[in-house]
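Just so it is clear, none of the values below were taken in a lab; they were calculated from the coordinates. Computed from a predicted structure; not experimentally measured. In this analysis, Cβ positions are derived from the backbone assuming ideal geometry, glycine residues included, and neighbour counts consider all displayed protein chains.
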Amino acid sequence: MWDFFETVRHRHSVRSYQSDLPVEKENLNAIIETACSAPSAGDLQAYKIIVVSNTKKRLALSAAAQGQSFISEAPICLIFCAEPDRSAEKYGDRGRNLYAVQDTTIAAAYAQLAVVAAGMASTWVGYFDEVEVKKIIELKIGLTPIAMLALGYPAELPEPTTRRRLDEIVSHFD
């Protein structure tokens, strides 16, 4: 079992999956439970997670994401949808416009790390036609797709990408 820092260091975007290896139910449940344990404004969890395993739906999602074929190749695609009205009830416009999106992306990030801890890989997808995705998954009115997470067992392990130096990112005020 890796420690947390090792898990974070081993997270890479993978764009080639072993489509013949299904994601075990217990692993998928653990990933979703981890996502749902993420912090959220007022503990409202202003999001929904849609699990897409259907091949035709994943192919359609791939097309809606400008042909990112790995979405259909991966056996599972999780779609993280913000529920803005849930946040707005408590926090008004700031909840609707910001907190619901933050809650959704934090849950997706937790899921992404849980995927690595489960010995699999994923790729975060933010570039997609929102209207088309809503149609494909028959999304309930009031929900907004924010991110998709293609996941499964990797068919490749890409080289780590370079990261900016900390002094380029971090400012200290004493």
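Full-extension gain between GLU6 and VAL170, please, as 0.36 nm times their residue separation minus the C-alpha to C-alpha distance.
On the way: separation 164, 0.36 × 164 = 59.04 nm, distance 2.17 nm.
Gain in length upon complete extension: 56.9 nm.
Rounded to the nearest 20 Debye, what is the dipole magnitude of the range 13-157 about its Cα centre when Lys and Arg each give +1 and Asp and Glu each give -1 at the C-beta?
240
Just to be sure I understand the model, the point goes 7 Å from the Cα along the line to the Cβ. What's the resulting LYS56 to GLU89 distance in nm?
3.5
List ILE137, ILE31, ILE71 from most exposed to least, where exposure is judged by having the fewest other Cβ atoms within 10 Å. Walk me through the numbers before you get to the answer.
Numbers: ILE137 22, ILE31 28, ILE71 25.
Exposure proxy ranking, most exposed first: ILE137, ILE71, ILE31.
Quick one: divide the alpha-carbon radius of gyration of the range 32-90 by 2.2 N^0.38 Å and tell me what you get. Let's see the in-between values first.
Working: Rg = 14.2 Å, N = 59, 2.2 N^0.38 = 10.4 Å.
Compactness ratio reported: 1.37.
7 Å from Cα along Cα→Cβ at both THR161 and SER69: what's the point-to-point distance in nm?
Placing both labels 7 Å beyond Cα along the Cβ direction yields 2.1 nm.
When the chain is treated as a GNM, springs tying every alpha-carbon pair under 10 Å, which of VAL101, VAL131, VAL115 comes out with the largest mean-square fluctuation?
Result for the chain, Cα springs under 10 Å: VAL131 fluctuates most.
Checking the cross-link filter: which aspartates and glutamates have an alpha carbon closer than 17 Å to that of LYS140, excluding same-chain neighbours under 8 positions apart?
GLU83, ASP85, ASP129, GLU130, GLU132
Between TYR99, TYR47, TYR91, where does the largest GNM mean-square fluctuation fall for the chain, given springs only between Cα atoms within less than 10 Å?
TYR91
Where is the GNM fluctuation largest for the chain (alpha-carbon springs, 10 angstrom cutoff): LEU149, LEU139, LEU61?
Result for the chain, Cα springs under 10 Å: LEU139 fluctuates most.
To make sure I understand, if each residue's beta carbon is the centre and we count other beta carbons within 10 Å, what order do HIS172, HIS10 fall in, fewest to most? All intermediate terms of the calculation are to be shown ahead of the outcome.
Numbers: HIS172 5, HIS10 15.
The fewest-first ordering by Cβ neighbours comes to HIS172, HIS10.
Evaluated at 37 °C with a viscosity of 0.692 mPa s, what Stokes-Einstein diffusion coefficient in µm²/s does the range 1-141 have when Rh comes from the Kirkwood expression over alpha-carbon pairs?
Details: Rh = 15.8 Å.
It diffuses with D of about 208 µm²/s by this estimate.
Give me the net charge of SER87's neighbourhood, meaning all other residues with Cβ under 11 Å from the Cβ of SER87; Lys, Arg count +1, Asp, Glu -1. Before the final figure, lay out each step's value.
Values: positive: ARG86, LYS90, ARG94, ARG96; negative: GLU83, ASP85, GLU89, ASP93, ASP103.
Here the charged neighbours net out to -1.
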